[in-house]
Amino acid sequence: MNILTGNDLKSGAVVWWTGETWSIHVNDAALLDDDAEAICAREEAARNVNLPYPIEATRDEDGIRPAHTKERVRALGPTVRPDLTLKPADPDIGNWVI
Amino acid sequence: MYLYDSYDQQMVDARVAEFRDQTERRLNGKLNEEQFRPLRLMNGLYLQLHAYMLRVAIPYGTLNSRQMHALAQISGKYDRGYGHFTTRQNIQYNWIKLEDAPDILADLAKVEMHAIQTSGNCIRNISSDHFAGAAADELVDPRPYAELLRQWSSFHPEFTALPRKFKIAVIASDTDRAAMRLHDIGIQIIKNDAGELGASFYVGGGMGRTPMIAPLIREFIPLDQLITYSEACLRVYNRYGRRDNKYKARIKILVHELGKEEYARQVEEEFAHLLNQGVEPPLEELERIKLFFDDPAFESGLSNEIDHSDPDFARWVDRNTQRHKIPGYVSAVISLKPVGGIPGDASVEQMHIMADLAKEYSFDECRVMHTQNIVLPHVKMADLHALWTKLEAAGLGSPNLDTIEDIIACPGLDYCSLANARSIPVAQKIAERFADKGCTEELGELKLKISGCINACGHHHAGHIGILGVDKKGVENYQLLLGGSEAQDTALAKITGPGFSEEGIVDAVEKATEVYIANRTEGERFLDTYRRIGMDPFKEALYG
Ligand code: SF4
């Protein structure tokens, strides 16, 4: 399955397409049907997002997990600074990424 | 150190105003990303893995305390409380908001700093010896020449769209502390047989995908032709460098494909053509610049005695200080490599402390090393214990310069969108392994360098031990390299064989050090032993 990601234009924050808007939480990401290009073009033109692109991901009982390590690092934050990630209190975050 | 005149300040202020306007136009939709991207890159603003990243130029790594305080304030006000010192003697901020970027550039301009030419296919920040003006073995201070080159290369209209980025290093001692021959142009200030100062030009070095050691292409250029000859080197490259293939566009490929003799011949031809064109600034300009780099008011007649009775202090002095040209002084290195820490990172508080210590103990000056540490260049030996005590209290007193704990690591996959693998956790695990074993000091000088991809920002080709992160079917994998050096005995490291997992690479490094210990002779460093016994015993231990 594919989901859409990009960066917020103003803050640069990593964001995920929810089907209606952009969220910083990957678990809010919506599965894409085949109109990714149209969504990207529309959202980018409206400056809701910067440089969006589709990526592969899987969904299991824990939620959505991007297929590639790089996107998992993007989804959470740097593995070497848990305090700066989206789950600063979760001691197990490294395992989610890798 | 160099201080801006009104022209410098005007240029930097004008650039801030221009970028403020460009940013506003991007935010209100008058520019799209395709139009804006080259403009933000010209101001050092990248879009990285988690946010915008701003790279700020620190010319030849030299900072005064006011500038270091300003860098700290930016980390606190606009970023997340830390900065990352890089292998190009610069600083990077990882969490910048686009809307804040013009204000940050304005804050930098107030302390004579900027982010101009820290990205893009132009001449980048000029790097130099971090012990310049202090080292006992230097001929002259190389920084006035670096500054002259900085002024020549800043906004040079002919060289803002080169085939690729271009990096220049300048040194003035036979000991190379700036990886000079691994730059596009490496310049060494020397004296000829007649006792005149001049410059040797090494052109076409670099790391990255195709590492090369720059060959000597001109033994001696008089200093009143330094800029003209540099211009000739750049002109030949600008005309014939490969623009058709990004991976073959660096000058090293041109020099390699033409052959150094033919490249040098073309440069000489261009040089002869340029000599009467008034390219060279008048020598008075160099003299004017030199005044900024006069020695501070060193005291004379100081003793070289240091009280070594405190063993922890003695260890730090032995490891982290460097002989100074003036008796009674040393250059002291502040390690940004605490075991388990992130190489090159410093918190807001640590930056403020380093700035205060530079002011109190080092004539208001500090330097960024390409090894991602900070130097206080001129410290009185009598002040060392007080300095060390304060560093210890701030978590900045690690006594590990040039040891296996003093690892260069690029940001890797934790921060960098080009990365294949993470560098920082590998550095942390290796440092922890050796610190736990308690054998760091026993291993002596051992330079370990890690890059998260083939771009080699972590200088892995030049490590006594180098590690390159690769992507093996979606899993991080690490190649091990041995035998590199970026010092005066510059050498490119060789790959040992198949790569290792994240845990496996730590074991592999440990095995390599065991081979060294088992084979070394009296006084041999890891690199010396490797050069004497060759790769085979290491391969046998790693894969046998
Ligand atoms: S070497 Fe690669 S991963 Fe490391 S900082 Fe450079 S581009 Fe990024």
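The values are calculated or read from the model by the stated rules, or taken from the named source; none is laboratory data. Please read all numbers here as calculations on a predicted model, not as lab measurements. Glycine also receives a Cβ, built like all others from the backbone with ideal geometry; neighbour counts cover every protein chain displayed. Protein only, heavy atoms only, side chains kept; ligands, DNA and RNA dropped before computing areas. Shrake-Rupley method; radii C 1.70, N 1.55, O 1.52, S 1.80 Å.
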#### Entry: Residue ID - nearest to the chain's Cα centre (by Cα), chosen from residues in the range B:187-236 that are part of a strand (DSSP E or B) and closer than 23 Å to residue B:468 by Cβ
B:206
## Note on the structure
Reported set for the range A:50-98 where residues are at the interface with chain B (Cβ under 8 Å from one of its Cβ atoms) and over 25 Å from residue B:501 (Cα atoms) is A:50, A:51, A:84
### the range B:441-458, residues that are within 15 Å of the chain's Cα centre (by Cα) and either outside the structural domain of residue B:412 (by TED's automatic domain parsing) or within 10 Å of the ligand (Cβ to nearest atom) (or both)
B:450, B:451, B:455, B:456, B:457, B:458
### Query
Looking at (1) closer than 26 Å to residue B:417 by Cα; (2) open to solvent by 40 Å² or more (accessible area, probe 1.4 Å); (3) in contact with a helix residue (DSSP H, G or I) (Cβ under 8 Å, 6 or more places away or on another chain), which is the one condition that is false for residue B:38?
(3)
### Message
Every residue in the range B:217-239 that is in contact (Cβ under 8 Å) with a residue 24 or more places away in the chain and open to solvent by 50 Å² or more (accessible area, probe 1.4 Å), please.
### Response
B:218, B:224, B:235
### Task
Might you check whether a residue that is within 11 Å of another protein chain (Cβ to nearest Cβ) and either touching a residue at least 12 places away in the same chain (Cβ under 8 Å) or small (Gly, Ala, Ser) (or both) occurs anywhere in the range B:108-128?
no
### Query
Among the listed residues B:241, B:206, which satisfies the condition of being at positive phi and at pLDDT 95 or above?
B:206
### Task
Just need a number here: residues in the range A:11-30 that are under 17 Å from residue A:72 (Cβ atoms) and β-branched (Val, Ile, Thr).
4
#### Entry: Test result for residue B:66, surrounded by fewer than 19 Cβ atoms within 10 Å (Cβ to Cβ), of a type in the set (Lys, Arg) and free of Cβ contacts under 8 Å to residues at least 24 places away in the same chain
no
#### Entry: All helices (runs of 4 or more DSSP H) inside the range B:430-544 with 2 or more residues being in contact with a Leu (Cβ under 8 Å, 6 or more places away or on another chain)
B:502-519, B:526-533, B:536-543
### Query
For residue A:80, which of the numbered conditions (1) in contact (Cβ under 8 Å) with a residue 40 or more places away in the chain; (2) aliphatic (A, V, I, L, M); (3) over 16 Å from residue A:2 (Cα atoms) fails to hold?
(1)
### Query
When only residues in the range B:459-475 that are within 14 Å of chain A (Cβ to nearest Cβ) and farther than 16 Å from residue B:497 by Cα count, which is most open to solvent (accessible area, probe 1.4 Å)?
B:473
### Output for the range B:512-525, where each listed residue is surrounded by fewer than 16 Cβ atoms within 10 Å (Cβ to Cβ) and under 29 Å from the mean Cα position of the chain (by Cα)
B:523
### Query
Do you know which residues across the range B:476-491 are more than 17 Å from the chain's Cα centre (by Cα), more than 16 Å from the ligand (Cβ to nearest atom) and open to solvent by 30 Å² or more (accessible area, probe 1.4 Å)?
B:489
### Residue count, the range A:17-76 (criterion: assigned to a strand (DSSP E or B) and either open to solvent by 70 Å² or more (accessible area, probe 1.4 Å) or in contact (Cβ under 8 Å) with a residue 12 or more places away in the chain (or both))
17
## Note on the structure
Matching residues in the range B:402-440 (open to solvent by 10 Å² or more (accessible area, probe 1.4 Å), more than 9 Å from the ligand (Cβ to nearest atom) and among the small types (Gly, Ala, Ser)) number 2
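Condition check ((1) touching a strand residue (DSSP E or B) at 6+ places or on another chain (Cβ under 9 Å); (2) at pLDDT 95 or above; (3) open to solvent by 40 Å² or more (accessible area, probe 1.4 Å); (4) closer than 19 Å to residue B:120 by Cα) across all residues:
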| residue | (1), (2), (3), (4) |
| --- | --- |
| B:18 | no, yes, yes, yes |
| B:32 | no, yes, yes, yes |
| B:46 | yes, yes, yes, yes |
| B:50 | yes, yes, no, no |
### Query
For the range B:180-215, what are the residues that are under 13 Å from residue B:260 (Cβ atoms) and of a type in the set (Ser, Thr, Tyr)?
B:202
### Task
Please state which of the following conditions residue B:188 fails to meet, knowing it meets all the rest: (1) touching a residue at least 24 places away in the same chain (Cβ under 8 Å); (2) buried (at least 20 other Cβ atoms within 10 Å of the Cβ).
(1)
